[in-house]
1. Scan (i) 62, 26, 17; (ii) 49, 38, 22; (iii) 34, 28, 21 for the value of Cα extents along the principal axes in Å calculated from this model and give just the label.
2. Got a number for carbon plus sulfur as a percent of region 6-77's accessible area, 1.4 Å probe?
3. With the chain treated as a Gaussian network of Cα nodes joined by springs under 10 Å, which of 48, 64, 23 yields the largest mean-square fluctuation?
4. GNM, the chain, Cα, under 10 Å: largest mean-square fluctuation among 54, 40, 80?
5. When only Cα pairs under 8 Å and 6 or more residues apart are kept, what is the percent relative contact order across the chain?
6. What's the extension gain from residue 9 to residue 42 if we count 0.36 nm per residue and subtract their Cα-Cα distance?
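The values are calculated or read from the model by the stated rules, or taken from the named source; none is laboratory data. From a predicted model like this one, the values you see are computed outputs, not experimental measurements. Just so you know, the surface numbers come from the protein's heavy atoms only, side chains and all, with ligands and any DNA or RNA stripped out. Shrake-Rupley method; radii C 1.70, N 1.55, O 1.52, S 1.80 Å.
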Amino acid sequence: GLDVLVNKLPHNQQVATQLFCHVAILFFSLAVLVFGGVKLVLLTFNPVQISPALGFHMGYVYLVLPLSGVLMTLYAVNELMVTWQQRANVEAP
């Protein structure tokens, strides 16, 4: 939906916008999901919080936050490299 606005920009501004978005996603996934998720997991493991219904540690449930943050970080780095290479290919004579 929002790429309609980006597609109306000149090519160099499109690339700059894409790079900015990938860096913002990288920062969010590292700062919030990975580091914040690790803090939350450690907080729920010590003292131990047990799910009353399922009977296992809530830290295992919250472990999905840092895991998804790592996956999003890898994806953002990959997209940054692809966008950077596309920019370099367009600027090459």
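1. Checked against the structure: label (i).
2. Numbers: 3800 of 4970 Å².
In region 6-77, the share of accessible area belonging to carbon and sulfur is 77 percent.
3. Of 48, 64, 23, the Gaussian network model singles out 48 as fluctuating most.
4. Fluctuation is largest for 54.
5. This gives 35 percent for the chain.
6. Extending this stretch completely gives an extra 7.4 nm.
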